[in-house]
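Remarks on the structure that follows.
The values are calculated or read from the model by the stated rules, or taken from the named source; none is laboratory data. Quantities reported herein were computed from a predicted structural model and do not represent experimental measurements. Glycine gets a Cβ as well: all are built from the backbone with ideal geometry, and neighbour counts include every protein chain shown. Side chains included, ligands, DNA and RNA excluded: accessible areas come from the protein's heavy atoms. Shrake-Rupley method; radii C 1.70, N 1.55, O 1.52, S 1.80 Å.
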Amino acid sequence: MAKQLHVGHLRASIIGDSMARLHERLGWTVFRQNHLGDWGLPIAMTLASLERAAVDLSRITLDDLNAAYRRAQAEGRDDEAGLAAARETHAGPHRIAELEAQHAGASALLTHTHETLRRLQGGDPPTVAAWQSLIAVTMREVFETAATLGVKLDETHSRGESFFRDRLAPTVDAFVKAGLAERDQGALIVRFKDRERPLLIQKSDGTSLYATTDLAAAHYRIAQLGAERVIYCVDARQRDHFRDVFDAIHAIGWDRLPNGGTAEMIHVPFGAVLGADKRPLKTRSGENFTLKALLDEAVARGRREVHARAQQPDAPTAGLPTAELDAIGQAVGIAAIKYADLSGDVSRDYVFDLDRMVSFEGDTGPYAQYAHARIAGILAKADGTSATAPLQIVAPEERALALTLLRYATAVQDAAEQCAPNRLAAFIFELANAFNTFYQSCPVIKEANATLRASRLRLCDLTRRVIADALSLLGIVAPARM
RNA sequence: GCAUGCGUAGCUCAGUUGGAUAGAGCAUCGGUCUUCGAAACCGAGGGUCGUUGGUUCGAGUCCAACCGCGUGCGCCA
């Protein structure tokens, strides 16, 4: 919230969208839950910073918010207790350094921030109004980005922290009542048998934190929505956190479904997006890459490539209106990014290399799109196909193609069941491969034998439809021409 | 310090429950367009799967130790 989307948001969106589409395809009722950080201390920091700068919130832009957020961050907040605790518990050097920096920047701003947070959570009308305009500005960009990315996400999917604000106290009460929470150094914690690290569900000042929200949210999803499978597409760095949350939910029995079954809770951890230097992706000036800049670049590359090919007189896209070529170019650029993200093991870090992704050769999104467009072109040139034409498998290449097609259903099931979109991506690549090999050695339109020709046209048609469908499950569109 | 994840070809990565000579893309080298879309196809070279031990008829896959890298670790989200 209140800041530009960055590459970290890219994976959550792409992977989450694909998981949703895969499960929808298998007949699940999917509740997309966009868990937004719209209610914590950071948002109060930004609000407070805006108040101090006396910014006109009715005309605010995301850049203003971004500036305010960065300003607030730079001004820092004090966390003496946290620093002491981190030292005592041998926290990692990163965490300690972070806290020391914060401590150094300590100031009276902390008081203001907390005061703003109190006003917000207390429902003070002007503060709430300011908060709402801040949310609105951010969400406009979120939905805009989702649209260019082709990710199904709108206001109906927003389930930010603020949505659960009234469920926090009952959640804490429930854990206390169940005897699972205990008071420790003024805070409420949940302990686990097999590990030292407890889960903190209430701060010593009585306010709750993100873990509390996650517990409340999980309860809502299972008890209210009746979710049998709750899938969290979140950064791999939150592994421990989700382990704790899931165990806590299990301990209190909130994973029990109304029908008596047990809900499955799955964290799909995804790795970081790295730059060529193997460090988290940054711009030359060392700032986080905004998602917008990244997508703009990919789309520009896609368009450049599509336009270049349309220049050639014998290209199938020759003579198409610029707007249409632009649309195709966008589809290609976005496909390059999405496929690169989903074709590997999602839990691992990956090196973001636009040159490789948009090279359109080998195991890439555009390669699959090409196979699709190629077939679409063939079918358009043929005088129709028959869905009932008897299949006549003679050449080994068409046998291989047919056998690959038969594996589609299990590929989708595997990918969904194991929350591993790369399984499906691998299938798509194999299918596109099998088709290209088949097409290399088997005449289709030019086949003289009418029965064989009809059979091959049907194979083409099936292949085209499966590629388009499979790509759609990854959230990738397949243009008819490119 | 504790926890957790990773280490497969020059580069980027696959490798479903342990199962036959470890696969692919890029890059390199060599072949295919006067005929259905060459963003394609066919072929070649390239790996002691971090190291050492163990379990097994059989280990890239399971276990242990070690080395290297990443990430996390109570009042942030």
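Some observations on this one:
- Residues of region A:358-388 with amide N under 16 Å of the 7 Å Cα→Cβ point at A:T451: A:388
- Taking amide H positions as modeled 1.01 Å from N, with prolines and chain starts lacking one, the residues under 5 Å from A:A181 and 5 or more places away or on another chain are A:V176.
- Beta bridges by DSSP in chain A, antiparallel share as percent, to the nearest 5: 55 percent
- Protection-proxy order for peptides A:18-26, A:117-125, each taking the mean of Cβ atoms within 10 Å per residue, highest first: A:18-26, A:117-125
- Extension gain, A:R140 back to A:D166 (0.36 nm per residue minus Cα-Cα distance, nm): 6.8 nm
- Separation of region A:328-407 from region A:238-276 is 34 Å, based on Cα centroids.
- Region A:252-335 shape via C-alpha gyration tensor axes, a/c threshold 1.5: oblate
- DSSP-defined antiparallel bridges as percent of all bridges, region A:160-270, nearest 5: 55 percent
- Taking the longest Cα principal axis of chain A as reference, the axis of helix A:125-149 is set at about 20 degrees.
- Using alpha-carbon coordinates, inclination of helix A:396-406 to the longest axis of chain A, degrees: 40 degrees
- Mean Cβ count within 10 Å, highest first, over the residues of peptides A:375-382, A:334-341, A:464-471: A:334-341, A:464-471, A:375-382
- Largest accessible area first, the listed residues A:D314, A:D345 line up as A:D314, A:D345 when surface is computed with a 1.4 Å probe on the assembled protein chains.
- Each peptide in A:439-448, A:361-370, A:267-276, A:193-202 was scored by the mean count of other Cβ atoms within 10 Å over its residues; highest first, the order is A:361-370, A:267-276, A:193-202, A:439-448.
- Prolate/oblate/rounded label for chain A (Cα gyration tensor, a/c 1.5): prolate
- Taking the C-alpha atoms only, the angle from helix A:365-381 to the longest principal axis of chain A is near 40 degrees.
- An oblate overall shape is assigned to region A:291-473, the ratio a/c of its alpha-carbon gyration tensor axes (a ≥ b ≥ c) being 1.5 or greater and a/b not exceeding b/c.
- Leading residue at positive end of dipole, region A:255-314 (Cβ point charges), from A:V268, A:A298, A:P258: A:A298
- Which of A:P421, A:T410, A:F435, positive extreme of dipole for region A:399-450 (C-beta unit charges): A:F435
- For region A:22-38, Karplus couplings with θ = phi - 60° (6.51, -1.76, 1.60), whole Hz, Gly/Pro x: 4, 5, 4, 4, 7, x, 6, 8, 9, 9, 6, 10, 8, 7, 9, x, 10
- Antiparallel content of DSSP bridges confined to region A:232-374, in %, to 5: 35 percent
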